[in-house]
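This report refers to the structure that appears directly beneath it.
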Amino acid sequence: MSHDTQSASYTTLQSLMWPEPGISTERDLYVRINGASAISVSKREVQFVPSGIADFGTWFNLFNTEKWKRECGLTDLSLALTGEGTFELSIMLAARERSWENVLTEIITLDPSVDDGLLRINLQHILSEPHVGGVAFSSLKAMCPGKLTDARWETRDSPKRAPKLNLAVTTFKREEAVIRTIKRFATFMETSPLAANMHLTVTDNGRTVADHLDGSDLPDCVSLVPNENLGGAGGFTRGLLETRDRGDTHCLFMDDDAAIHMENLERTWLFLAYATDPRTAVAGAMMTETHRWAIWENGAQFNGRCLPLHMGTDLRKTFEMVDMELEASLPVKWNFYAGWWFFAFPVDTVDHYAFPFFVRGDDVSFSLANDFNTVTLNGVVSIQESFTEKESPLTWYLDLRSHMVHHLTLPKMEIGKWRVLKTAAWFLLRNLPRMHYETIEAINLALEDVTRGPEFFDTNADLAKRRADIKALTVNEAWKPLASGMPLPPHRETYTPFWHRTMMKFTLNGLLVPGFTELGSKILLHASQRGHMGVFWGASEITNLNTDRDKFYTVKHSKIKGWKGIARFIKASIAFLSEYDSLKSRYRKAYNEYTGETYWRKKLNMSQKIPMQREAAE
């Protein structure tokens with residue numbers, strides 16, 4: 001271990017992230033303050049009095065040595081600290097299924113009169129034997145009054161490339177959100193050392209953003225592209241095509257509200273620059289607006305249905321968080337996919353563009369069809385509206401279509417006709433006991449549309465007719481304002497007993513029980529419970545309440561609607577099974593065409609262009 005204050009040959013791999021109003025103010029996800037210490041979010045510094053402690057063993061600020069060694073061949077590492085005062089510095093290394101190791105404990109002094117208070121700790125030794133891979137993090141204990149203004153992980157290793165990264169954002173009539181994103185990005189680019197290597201392209205499917213710019217010009221780092229409304233599939237594909245036409249090397253798909261720390265962009269760019277495999281892509285995690293401390297998805301896998309990874313991990317709990325990050329350090333499996341709320345990838349690796357799903361499933365298909373080496377990075381996350389709250393007959397329709405098409409189009413996802421149909425049956429059986437009969441109608445429509453063949457997706461790429469059809473049938477399952485003082489049924493907080501759930505399953509939640517409308521319970525469920533099957537059993541009427549508790553909808557037991565939905569599903573299933581071999585052949589042939597550049601340039605009314613040649617950044 002040695003100290004070094006020379007900075008010319010060092011590259012910052014990861015700087016501190018801080019709580020940020022509007023993104024996340026869950027302080028313990030960034031730094032844990034113990035004793036007499038305090039944090040200033042606006043100044044981005046920690047103030048200490050004697051014995052005060054700042055622990056950076058958090059998901060946003062740990063450093064994953066295992067991932068950087070394996071994916072980037074990292075051989076040199078330092079921790080650079082800036083501030084004032086004398087501290088006890090401890091650095092821990094947490095490895096998988098081993099005791100955590102204290103790899104350094106030392107008294108250090110940050111002197112603002114010497115190199116502006118910069119002190120660099122050489123940690124090259126933790127990258128080699130006897131230390132095994134893991135995650136590293138630091139903590140400081142003050143010996144006297146002082147402050148910390150920065151802490152960053154650095155290297156003297158040289159990058160493998162200088163990516164040109166185009167951020168491709170798709171928006172549809174969310175002018176306020178996307179303009180806010182444009183302003184945040186432009187402000188960040190004013191001070192980022194990587195500004196010359198990044199650009200933002202906003203694909204405007206609604207063609208309304210320009211009218212809301214108040215006459216102000218877009219900054220040079222932003223382009224606005226009016227586009228045909230072919231959903232996320234068409235919007236993100238347009239962004240990718242614009243990336244190619246600009247001559248950029250990498251594309252980052254990102255949501256229009258861009259609820260991310262802008263430092264995520266630098267963290268992603270640097271990993272792409274150092275990756276030894278040119279196919280490397282970065283998948284951002286997702287958390288919800290309602291619980292900004294819990295992982296909703298840190299990557300996902302598809303196998304019959306979508307399986308979010310590490311869902312529910314509480315990032316405030318150190319051991320739980322570290323276990324997740326160590327698992328996420330392992331190479332991803334063959335069926336891993338990345339959500340398009342944040343996905344950065346090399347454009348030269350793209351052989352297949354999006355399938356014309358409109359929305360839902362385009363990101364899954366894109367990841368599975370292209371040969372990316374995908375990784376996740378700690379702290380790289382987007383804050384989203386909860387998927388549970390968004391759930392509707394339309395989303396169930398879209399999800400089932402895409403689930404079935406993945407298996408029909410991609411040879412590596414081949415599972416046979418009965419297992420594909422099993423996926424559709426699972427969708428039906430998830431909704432039958434909770435009496436979502438309108439959703440069942442949409443599920444049946446999805447099964448019928450898939451059986452119509454791939455041509456249906458081509459001719460309905462804008463989904464205008466189906467969106468109108470499903471909107472028309474969605475009556476009982478549409479959110480309605482909750483009137484003040486409106487009486488509500490009792491809230492069911494827990495699952496019913498096991499014996500009761502088992503009995504109700506055999507009766508299809510009362511569908512086989514005469515008079516169940518009167519016999520069943522009337523219950524209230526909060527938004528977070530909508531997907532919990534254990535709470536539905538035995539209910540003949542369910543009132544669902546949204547997160548803010550100002551909207552509701554009520555569904556009721558109906559034997560006519562239940563059996564009608566089952567009969568339609570059986571009829572559609574027979575048609576699907578009889579056509580399966582032909583369908584599979586047609587879908588696989590069409591997939592190559594519908595995910596090709598020529599198809600999408602024609603669909604989006606774009607001319608064929610020769611990409612610009614851009615000089616690599618120094």
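The values are calculated or read from the model by the stated rules, or taken from the named source; none is laboratory data. The structure presented is a predicted model; accordingly, all values stated were derived computationally and were not measured. Cβ sites come from the backbone with ideal geometry, for glycine too, and all protein chains shown count toward neighbours. Accessible surface is based on the protein model in full, side chains and every heavy atom, while ligands, DNA and RNA are left aside. Shrake-Rupley method; radii C 1.70, N 1.55, O 1.52, S 1.80 Å.
When the stretch 442-455 is limited to residues that are open to solvent by less than 30 Å² (accessible area, probe 1.4 Å) and more than 18 Å from residue 396 (Cα to Cα), the one that is farthest from the chain's Cα centre (by Cα) turns out to be 453.
This table checks each residue for (1) free of Cβ contacts under 8 Å to residues at least 24 places away in the same chain; (2) over 26 Å from residue 266 (Cα atoms); (3) crowded, with 20+ Cβ neighbours inside 10 Å; (4) of a type outside the set (Lys, Arg).
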residue: 355; (1), (2), (3), (4): no, yes, yes, yes
residue: 367; (1), (2), (3), (4): no, no, yes, yes
residue: 373; (1), (2), (3), (4): no, no, no, yes
residue: 380; (1), (2), (3), (4): no, no, yes, yes
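Among all residues of the stretch 301-317, there is none that is of a type in the set (A, V, I, L, M, F, W, C), touching a Ser or Thr at 6+ places or on another chain (Cβ under 8 Å) and not in a loop (DSSP other than H, G, I, E, B). Among the residues of the stretch 387-443, those identified as aliphatic (A, V, I, L, M), part of a helix (DSSP H, G or I) and closer than 19 Å to residue 355 by Cβ are 394, 398, 400, 404, 405, 408, 413, 420, 424. Find all pairs meeting these conditions: Cβ atoms under 8 angstrom apart; at least six residues apart or on different chains; first residue within the stretch 322-342 and at negative phi; second residue of a type in the set (Val, Ile, Thr) and part of a loop (DSSP other than H, G, I, E, B). Filtered contacts from the stretch 322-342: 324/313; 342/260. Summed over the stretch 284-299, residues that are in contact with a Phe, Trp or Tyr (Cβ under 6 Å, 6 or more places away or on another chain) and of a type in the set (A, V, I, L, M) total 2.
Among residues of the stretch 244-267 being part of a helix (DSSP H, G or I) and out of contact with any Pro (no Cβ under 9 Å at 6 or more places or on another chain), the one that is surrounded by the fewest Cβ atoms within 10 Å (Cβ to Cβ) is 263. Scanning the stretch 55-104 for residues that are charged (D, E, K, R), at pLDDT 95 or above and more than 29 Å from residue 145 (Cα to Cα) yields 66, 67, 69, 70, 71, 76.
Could you tell me which residue of the stretch 101-130 is least open to solvent (accessible area, probe 1.4 Å), considering only residues that are in a loop (DSSP other than H, G, I, E, B) and touching a residue at least 60 places away in the same chain (Cβ under 8 Å)? Across the stretch 101-130, the extreme among qualifying residues is 123. Quick one: would you say residue 230 is among the aliphatic types (A, V, I, L, M), open to solvent by 10 Å² or more (accessible area, probe 1.4 Å) and touching a Phe, Trp or Tyr at 6+ places or on another chain (Cβ under 8 Å)? Judged against the criteria, residue 230 is a match.
All of 202, 169, 178 fail the test of being touching a Ser or Thr at 6+ places or on another chain (Cβ under 7 Å), part of a helix (DSSP H, G or I) and not hydroxyl-bearing (Ser, Thr, Tyr), apart from 178.
Just one of the listed residues (461, 468, 446, 483) is under 28 Å from residue 172 (Cβ atoms), out of contact with any helix residue (DSSP H, G or I) (no Cβ under 8 Å at 6 or more places or on another chain) and outside any strand (DSSP E or B), namely 468.
In the stretch 319-332 there is no residue that is open to solvent by 10 Å² or more (accessible area, probe 1.4 Å) and part of a strand (DSSP E or B).
Does the stretch 526-541 contain any residue that is of a type in the set (A, V, I, L, M, F, W, C), modelled with pLDDT under 95, farther than 20 Å from residue 428 by Cβ and within 27 Å of the chain's Cα centre (by Cα)? Within the stretch 526-541 (the criterion being of a type in the set (A, V, I, L, M, F, W, C), modelled with pLDDT under 95, farther than 20 Å from residue 428 by Cβ and within 27 Å of the chain's Cα centre (by Cα)), the answer is yes, since at least one residue qualifies.
Candidates are the residues of the stretch 340-386 that are part of a helix (DSSP H, G or I) and touching an Asp or Glu at 6+ places or on another chain (Cβ under 9 Å); the one that is nearest to residue 455 (Cα to Cα) is 369.
For beta carbons closer than 6 Å, sequence separation of 6+ or different chains, a first residue in the stretch 11-28 that is under 14 Å from residue 267 (Cβ atoms) and free of Cβ contacts under 8 Å to residues at least 60 places away in the same chain and a second that is open to solvent by 40 Å² or more (accessible area, probe 1.4 Å) and basic (Lys, Arg), the qualifying pairs are 18/44.
Among the residues making up the stretch 405-418, those that are open to solvent by less than 60 Å² (accessible area, probe 1.4 Å) and of a type in the set (A, V, I, L, M, F, W, C) are 405, 408, 410, 413, 415. Selection over the stretch 550-564 of residues that are among the acidic types (Asp, Glu) and without any contact (Cβ under 8 Å) to a residue 12 or more places away in the chain gives a count of 0. Looking only at the stretch 457-485, which residues are open to solvent by less than 70 Å² (accessible area, probe 1.4 Å) and more than 29 Å from the chain's Cα centre (by Cα)? 469, 473, 476, 482, 483, listed by residue number.
Residue count for the stretch 26-46, restricted to those that are assigned to a loop (DSSP other than H, G, I, E, B), modelled with pLDDT under 95 and among the β-branched types (Val, Ile, Thr): 1.
When residue 94 is tested against (1) more than 34 Å from the chain's Cα centre (by Cα); (2) within 29 Å of residue 319 (Cα to Cα); (3) crowded, with 19+ Cβ neighbours inside 10 Å, just one condition goes unmet, and that condition is (1).
Scanning the stretch 370-387 for residues that are touching a Lys or Arg at 6+ places or on another chain (Cβ under 8 Å) and acidic (Asp, Glu) yields a single hit, 371.
Taken together, the residues in the stretch 268-298 that are within 18 Å of residue 324 (Cβ to Cβ), in contact with a helix residue (DSSP H, G or I) (Cβ under 7 Å, 6 or more places away or on another chain) and surrounded by fewer than 23 Cβ atoms within 10 Å (Cβ to Cβ) amount to 1. Taking the criterion of being under 21 Å from residue 12 (Cβ atoms), surrounded by 15 or more Cβ atoms within 10 Å (Cβ to Cβ) and in contact (Cβ under 8 Å) with a residue 40 or more places away in the chain, the residues of the stretch 185-221 that qualify are 185, 188, 192, 194, 197, 198.
Sort through 394, 400, 421, 429 and tell me the only one that's open to solvent by less than 10 Å² (accessible area, probe 1.4 Å) and either under 28 Å from residue 555 (Cβ atoms) or modelled with pLDDT of 95 or more (or both). None of the other options fit; the residue is 400.
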